[in-house]
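Here is the structure we will look at.
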Amino acid sequence: MSIAASFEIEYLQYLDESGKLLREDVPAFARDVRALVEAYKLMCFTRTFDGKAIALQRTGKLGTYASCLGMEATHIAIGSALTEDDVFAPFYRDYGTQFQRGVKPREVLLYWGGDERGNDFSGPAHDFAWSVPIATQCLHAAGSALAFKIRKEPRVALATVGDGGTSKGDFYAAINAGGAFALPLVVVVVNNQYAISIPRAQQTAAKTLAQKGIAAGIESIQVDGNDLIAMRVALDHAIKRARHGHGATLIEAVTYRLSDHTTADDARRYRSEDEVKAAWEREPIKRLRAYLMSLNAWTEDEEKEWLAECVKRVDAEIDAYLATKPQAVSAMFDYTYAELPLDLERQRADALAAAKA
Amino acid sequence: MAQINLIEGITMALAHEMARDPSVVVLGEDVGINGGVFRATVGLQQKFGPERVIDTPLDEAMIAGLTVGLAVQGMKPVAEAQFEGFMYPMIDQIASHAARMRTRTRGRLTCPAVFRAPWGGGIHAPEHHSEAIEALFTNIAGLRVVLASSPGRAYGLLLAAIRDPDPVIFFEPKRIYRQYKEEVADDGEALPLDVCFVLRDGSDVTLVTWGAQVKETLEAADALAAEGISAEVIDVATLKPLDFDTIHESVKKTHRCVIVHEAPYTGGFGGEIAARLVEHALYDLYAPVERVAGYDVPMPLYQLEMSYLPTTARIVAAAKRALAAS
């Protein structure tokens, strides 16, 4: 037998479930304990925000909301690895990344609260808004990367997509473009094991999602997505390659969605309590906390103090969100085109008259 | 001034705008060294290089999605679909993203992109190469939908489409790509994207059309003139946003209207124009509005395609019905 080509997928993990270091080659950023503590604090902040956003929805003060519970390490690692000039094309639950890029929690709430101004956010002006049509954002990142390549700018575009999204053509098209054009592109598959109710095993017969990148001819790796250190190592490598003209990378971040898909979902219909209980053992915050405590870099007192601070900060954001006055009716017309066509001017006048009546 | 046909008007506009504005890039299948399947992009890669005239992998959804990304990040992409019938996989990106990027982000992000495609039947092409799908796009808020029907309008409207700050669907009636030549100056003068063009003045009946049917409609006007009937001919050109006022002004004068399009009758854009005439011009009309359209059948393969497409005789007959009714 002759082999035409053969491939393997590396799996990367630094911290085990209990927060014990598995490898000796600790990367430079992880030796900076203060930076790790900052990342940990952001993960806690994101989780506090998430819980309070769900509570807001339950009390009728927010529309349908997509939780990020359990995916904090992946999201915070992405946010810390990108620079402001890079472009982030998220799907719709990557708040941790966006907070680091300057998006305010009140803006996230505004979007899920049914107000487009949440997308006119305080993060980098070139970042994409949340993308609801699954996997379409991967191509926006690829197109952005193509623009950077044409203009010879040392910038990187990064898209996130779920495990379900890897079944879509746009996902394959994006990584294929990344390979064919050698684009400064990183696609992170946030494999949280479920696409609403469909488990990862039913999504594809492929053993890993990372190996889909092999078909596109790009570097591909599977990472423990609940391990902040491993995620940063993989991202730093991918982003450096992209920035220096060495092409695109696919990172599969293996994590678990501890929450329902959205507040409109009830995950108890399709997965067992035992499974969720086991997943809580692997969750990212607990493991990083244990590691930091083992280094004497974080204490129970600091934990208590910081969580109280998170509540205070998120409450202030919620107050700001709730105090935001709704947009004028005219807003739905005013951004449809750069200049309002005559046709729409008439409709706008009708809508304003109807609103007055 | 050069004597050029319609497709040369497209090429001339692309070359002009690429020379003027370094952010303009062309992407699609076979647009580079091959110059496009209809030769719309011929010579551009040699002139502007493979980084600005980009041969893509064979995936229309990819082309559309890359185009959105390019446009949002400050480029002016002109994407080509080889045939309009290959645009269906692009519609998700166009409708879900290109058309709503500005409004979604309240103006923070915009999508100044052009999606070009050869359009319509009549060239004996295989299945899916002869569709008239403009009405799929006219119902999408945030787009402009343009059909060029002469060499000069192809040049001027494409310049305007590329310069427009919002996404434009730009259809080129392939049946008349090489129908005739006319003098067009490469002067960079764009045409407006919000007006209809009155191609012929008349007083008895208004014939409203777009795309390749401009040819049959002008022939019908000649035939009617031979019988002493004066027909006004309007090329709508930009279907969205619609310049209804020009159509209304004409109908105030002629009191009769025939709408001609090769897209299927039901849900075709002619229905929109007819509805507006009923809403705003009912008392100006002396006769019911007539529509001459494609039939509500899938575009037949080429042996029957000329029986599907509106003919000069059908347009003449419709005009006479309108005149007889009053």
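The values are calculated or read from the model by the stated rules, or taken from the named source; none is laboratory data. Quick caveat, the model's predicted, so the values are computed rather than measured. Cβ: placed from backbone, ideal geometry, glycine included. Neighbour counts: every protein chain shown.
Would you point out the residue of segment A:1-25, among those that are in contact (Cβ under 8 Å) with a residue 24 or more places away in the chain and hydroxyl-bearing (S, T, Y), that is surrounded by the fewest Cβ atoms within 10 Å (Cβ to Cβ)? Filtering segment A:1-25 for residues that are in contact (Cβ under 8 Å) with a residue 24 or more places away in the chain and hydroxyl-bearing (S, T, Y), the one surrounded by the fewest Cβ atoms within 10 Å (Cβ to Cβ) comes out as A:S18. If only residues of segment A:124-149 that are closer than 18 Å to B:R108 by Cβ and surrounded by fewer than 20 Cβ atoms within 10 Å (Cβ to Cβ) are counted, the one that is farthest from the other protein chains (Cβ to nearest Cβ) is A:P124. Selection over segment A:51-78 of residues that are crowded, with 24+ Cβ neighbours inside 10 Å and in a helix (DSSP H, G or I) gives a count of 8. Considering A:A290, A:A297, which residue is buried (at least 16 other Cβ atoms within 10 Å of the Cβ), touching a residue at least 12 places away in the same chain (Cβ under 8 Å) and assigned by TED's automatic domain parsing to the domain that holds A:P199? Only one candidate qualifies: A:A290. Residue check: B:R178 meets all listed conditions (1) in the same structural domain as B:G85 (by TED's automatic domain parsing); (2) under 24 Å from B:H255 (Cα atoms); (3) of a type in the set (K, R) but one, namely (2).
For segment A:297-306, the condition holds for at least one residue, the condition being that it is among the basic types (K, R), within 28 Å of the chain's Cα centre (by Cα) and either under 30 Å from A:T48 (Cβ atoms) or assigned to a loop (DSSP other than H, G, I, E, B) (or both). Do you know which residues across segment B:9-41 are surrounded by fewer than 22 Cβ atoms within 10 Å (Cβ to Cβ), acidic (D, E) and at negative phi? Correct list: B:D21, B:E29. The one condition from (1) within 14 Å of chain B (Cβ to nearest Cβ); (2) in a helix (DSSP H, G or I); (3) under 28 Å from A:T336 (Cα atoms) that A:G178 does not meet is (3).
Name the one entry in A:A253, A:A320, A:A278 that is over 28 Å from A:E107 (Cα atoms), assigned by TED's automatic domain parsing to the domain that holds A:L110 and at pLDDT 95 or above.
Details: A:A253 fails: over 28 Å from A:E107 (Cα atoms); A:A320 fails: over 28 Å from A:E107 (Cα atoms).
The conditions single out A:A278.
Right, A:H246: in a loop (DSSP other than H, G, I, E, B) and loosely packed, with under 15 Cβ neighbours inside 10 Å or not? So A:H246 fits the description; yes.
Condition first: over 18 Å from A:E303 (Cα atoms), in contact with a helix residue (DSSP H, G or I) (Cβ under 8 Å, 6 or more places away or on another chain) and assigned to a strand (DSSP E or B). Can you find one or more residues in segment A:16-28 that meet it? Can you show your working first?
Step one: list which residues in segment A:16-28 are over 18 Å from A:E303 (Cα atoms), which gives A:16-17, A:20-28.
Still in the running and in contact with a helix residue (DSSP H, G or I) (Cβ under 8 Å, 6 or more places away or on another chain): A:16-17, A:20-21, A:26-27.
Right, trim to assigned to a strand (DSSP E or B) and you get A:21.
Yes, that holds for at least one residue.
Considering segment A:165-177, the residues that are of a type outside the set (A, V, I, L, M) and buried (at least 21 other Cβ atoms within 10 Å of the Cβ) include one that is farthest from the chain's Cα centre (by Cα), namely A:N176.
Return the only residue of B:A281, B:A287, B:A226 being within 30 Å of A:E339 (Cβ to Cβ), among the small types (G, A, S) and more than 14 Å from chain A (Cβ to nearest Cβ).
Of B:A281, B:A287, B:A226, the one residue that is within 30 Å of A:E339 (Cβ to Cβ), among the small types (G, A, S) and more than 14 Å from chain A (Cβ to nearest Cβ) is B:A281.
When residues in segment A:150-164 are screened for being buried (at least 24 other Cβ atoms within 10 Å of the Cβ) and either at the interface with chain B (Cβ under 7 Å from one of its Cβ atoms) or not small (G, A, S) (or both), 5 of them pass.
Note on segment A:79-112: residues that are assigned to a loop (DSSP other than H, G, I, E, B) and closer than 20 Å to A:P133 by Cα amount to 5.
For A:G217, the conditions (1) within 14 Å of chain B (Cβ to nearest Cβ); (2) more than 24 Å from A:A66 (Cβ to Cβ); (3) part of a helix (DSSP H, G or I) are fulfilled apart from (3).
Check whether at least one residue in segment B:113-134 is within 30 Å of A:G179 (Cβ to Cβ), in contact with a helix residue (DSSP H, G or I) (Cβ under 8 Å, 6 or more places away or on another chain), at the interface with another protein chain (Cβ under 10 Å from one of its Cβ atoms) and in contact (Cβ under 8 Å) with a residue 24 or more places away in the chain, and report yes or no.
Start the filter on segment B:113-134 by keeping residues that are within 30 Å of A:G179 (Cβ to Cβ), which leaves B:113-118, B:128-129.
When the remaining residues are screened for being in contact with a helix residue (DSSP H, G or I) (Cβ under 8 Å, 6 or more places away or on another chain), the result is B:113-118, B:128-129.
Imposing the further condition that a residue be at the interface with another protein chain (Cβ under 10 Å from one of its Cβ atoms) reduces the set to B:113.
So of that shortlist, the ones also in contact (Cβ under 8 Å) with a residue 24 or more places away in the chain come out as B:113.
Yes, the conditions are met somewhere in segment B:113-134.
Of all residues in segment B:74-99, those that are at the interface with chain A (Cβ under 10 Å from one of its Cβ atoms) have Cβ atoms under 6 Å from Cβ atoms of residues that are small (G, A, S) and assigned to a helix (DSSP H, G or I), 6 or more apart or on another chain, in B:M75/A:A147; B:P77/B:A71; B:P89/B:A61; B:Q93/B:A64; B:Q93/B:G65.
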